[in-house]
Every structure is written in structure tokens, then in C-alpha cells.
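The values are calculated or read from the model by the stated rules, or taken from the named source; none is laboratory data. This one's a predicted model, so the numbers in the text were calculated from it and none came from an experiment. As a convention, Cβ positions derive from the backbone with ideal geometry for all residues, glycine included, and neighbour counts pool all protein chains shown.
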Amino acid sequence: MKLPWWLPFGSVPEIGPADLASAMSGAEQPVLIDVRTVAEFATGHLAGAVNVPVTSLAGRIPSLSLPAGRPIVAICLSAHRSPPAVRLLRNAGHDARQLAGGMIAWRLAGLPVVRA
């Protein structure tokens, strides 16, 4: 059964914090899309992440000029807003996954954040 894009439930591909940190230092870095609010993004985000709140993502995908074939990681606070973002991006033909556990898991792993 195909879930509507906006439902936060259901399984989507994901990547763990340690694997994402490794990928970010690799040759083909993933595109990072932080789907939290602007205020949440300002409290700390991954280096290089672009802030596109999930409520505006559907209308912004065409203007993001996402590179074809490059992996995309959707990030939110606790991996509840990123599943809908992953579904939108995958429906648009992108190789997208979510950060497992969101920013909470990233911070618990002791990984670096950038403040706006």
C-alpha cells in the first residue's frame, strides 16, 4: 500500500549518523536537506545542509536544482518529518533517505553541528 506523502508513518530508506558522517567526508557527498523549521535549523544543523521546511518542500523541489544521481538525505529533529520528505523526493525521481533518529541521534552520537 502506497502511503500519502504527508504521513509521518511508514518505512523509508535511512542512513545512520555514523554512516552519514562518513559519507559527508567521502568523494560523493550527499545533498543534505533539513526539513525542520527555520528556527529549529538556527539552533544547529549539519554543515552544508539546506533548510527547506517540510511544509514547503513539495513546491520547492524544482527550484532546488538537485543533482541527478547524487544521494539526498532528509533531516528533521526525530525522524518524524523526514519520511514525508523522503517520499516526496523519491516520487520526484531522487535517491533519497532520512537520517535515522534525526538530529537527536546525530547529537547523541557526538557529531558536529553548525549554528546559524
Looking only at the range 8-45, count how many residues are in contact with a strand residue (DSSP E or B) (Cβ under 9 Å, 6 or more places away or on another chain), farther than 11 Å from Val73 by Cα and among the hydrophobic types (A, V, I, L, M, F, W, C).
4
If I ask for residues that are at pLDDT 95 or above and among the small types (Gly, Ala, Ser), which ones from the range 94-116 would you list?
Ala96, Ala100, Gly101, Gly102, Ala105, Ala109, Gly110
Can you list the helices (runs of 4 or more DSSP H) lying wholly within the range 1-96 that have 3 or more residues being free of Cβ contacts under 8 Å to residues at least 12 places away in the same chain?
54-60
Could you check, for the range 5-28, whether at least one of its residues is of a type in the set (Gly, Ala, Ser), at pLDDT 95 or above and in contact with a Gly (Cβ under 8 Å, 6 or more places away or on another chain)?
yes
Output the residues belonging to the range 102-114 that are under 16 Å from Ala23 (Cβ atoms) and assigned to a loop (DSSP other than H, G, I, E, B).
Ala109, Leu111, Pro112
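Condition first: over 24 Å from Thr43 (Cβ atoms) and surrounded by 13 or more Cβ atoms within 10 Å (Cβ to Cβ). Now tell me which residues in the range 59-87 satisfy that.
Ile61, Leu66, Pro71, Arg87
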Going by the conditions given, is Gly48 in contact with a strand residue (DSSP E or B) (Cβ under 6 Å, 6 or more places away or on another chain) and either among the charged types (D, E, K, R) or surrounded by fewer than 20 Cβ atoms within 10 Å (Cβ to Cβ) (or both)?
yes
